[in-house]
1. Out of (1) closer than 24 Å to GLN48 by Cα; (2) surrounded by 14 or more Cβ atoms within 10 Å (Cβ to Cβ); (3) small (Gly, Ala, Ser); (4) in contact with a strand residue (DSSP E or B) (Cβ under 9 Å, 6 or more places away or on another chain), what's the single condition that is false for GLY106?
2. State whether the residues of region 4-14 include one that is outside any loop (DSSP other than H, G, I, E, B), charged (D, E, K, R), at pLDDT 95 or above and touching a helix residue (DSSP H, G or I) at 6+ places or on another chain (Cβ under 7 Å).
3. On the basis of being surrounded by fewer than 14 Cβ atoms within 10 Å (Cβ to Cβ), outside any loop (DSSP other than H, G, I, E, B) and touching a residue at least 24 places away in the same chain (Cβ under 8 Å), does ASP46 make the cut?
4. Return the pairs, sorted by first residue and then second, in which the second residue is hydrophobic (A, V, I, L, M, F, W, C) and assigned to a helix (DSSP H, G or I), the first residue lies in region 52-65 and is closer than 19 Å to ILE4 by Cβ, the beta carbons are less than 9 Å apart, and the residues are 6+ apart or on different chains.
5. Can you pull out the residues in region 101-124 that are farther than 14 Å from GLN5 by Cβ, touching a Leu at 6+ places or on another chain (Cβ under 9 Å) and not charged (D, E, K, R)?
6. Identify, please: which residue in region 62-106 is part of a loop (DSSP other than H, G, I, E, B), closer than 28 Å to LEU123 by Cβ and of a type in the set (Ser, Thr, Tyr) and is, among those, nearest to the chain's Cα centre (by Cα)?
7. Within region 24-43, restricting attention to residues that are part of a helix (DSSP H, G or I) and surrounded by 11 or more Cβ atoms within 10 Å (Cβ to Cβ), which residue is modelled with the lowest pLDDT?
8. Suppose we keep only residues that are of a type in the set (S, T, N, Q) and over 17 Å from ILE112 (Cα atoms) within region 73-100. Which one would you say is surrounded by the most Cβ atoms within 10 Å (Cβ to Cβ)?
Amino acid sequence: MTLIQLDAVMPLPESWGLCLTCEALIAQADMDKGPHQRGLEEYPSDWQADFQRFLEAILDLSLRYGDSVLIRIWDPRSLQGLFKAIRYCVHRYPSFIVSGQKKIVGLNIPQIEEAMLDAGAILQ
């Protein structure tokens, strides 16, 4: 069985925190509150709804494809996420990269699934 990688590039709420390195630097510089002190309720309701739809889609894909897909979520404000965004020319969020080959912009689940199946993902 081939493992398919699905990279999702999406700004995450601050309460989720950034990468460990970024969080450590920010904490040492006393620049911001800790991740546990920040909440999703600080964001506008439409942004909260968009993020909730994104999470539901990721969880649904994870349940439906199981072990045949490795899903990674990258925040473009982290160093790793910035690298992904530059490498794959991501300008709008969310964007999905299937197996490093195909980029899908937006939460178009049928298009994401089609690309995953073409890459060899298997429905559970």
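The values are calculated or read from the model by the stated rules, or taken from the named source; none is laboratory data. Nothing here was measured: the structure is a model prediction, and the numbers come from that model. Cβ: placed from backbone, ideal geometry, glycine included. Neighbour counts: every protein chain shown.
1. In the conditions (1) closer than 24 Å to GLN48 by Cα; (2) surrounded by 14 or more Cβ atoms within 10 Å (Cβ to Cβ); (3) small (Gly, Ala, Ser); (4) in contact with a strand residue (DSSP E or B) (Cβ under 9 Å, 6 or more places away or on another chain), GLY106 misses (2) alone.
2. Yes, region 4-14 contains a residue that is outside any loop (DSSP other than H, G, I, E, B), charged (D, E, K, R), at pLDDT 95 or above and touching a helix residue (DSSP H, G or I) at 6+ places or on another chain (Cβ under 7 Å).
3. no
4. Pairs that qualify, where the first residue is closer than 19 Å to ILE4 by Cβ and the partner is hydrophobic (A, V, I, L, M, F, W, C) and assigned to a helix (DSSP H, G or I), are ALA57/ILE109; ALA57/ILE112; ASP60/ILE109; LEU61/ILE109; LEU61/ILE112; LEU61/MET116; TYR65/MET116.
5. ILE109, LEU117, LEU123, GLN124
6. So, considering only residues that are part of a loop (DSSP other than H, G, I, E, B), closer than 28 Å to LEU123 by Cβ and of a type in the set (Ser, Thr, Tyr), the one nearest to the chain's Cα centre (by Cα) is TYR93.
7. Checked region 24-43; the qualifying residue modelled with the lowest pLDDT is PRO35.
8. Initially, region 73-100 is screened for residues of a type in the set (S, T, N, Q), giving 78, 80, 95, 99.
When the remaining residues are screened for being over 17 Å from ILE112 (Cα atoms), the result is 78, 80.
Details: SER78: 20, GLN80: 15.
It comes out as SER78.
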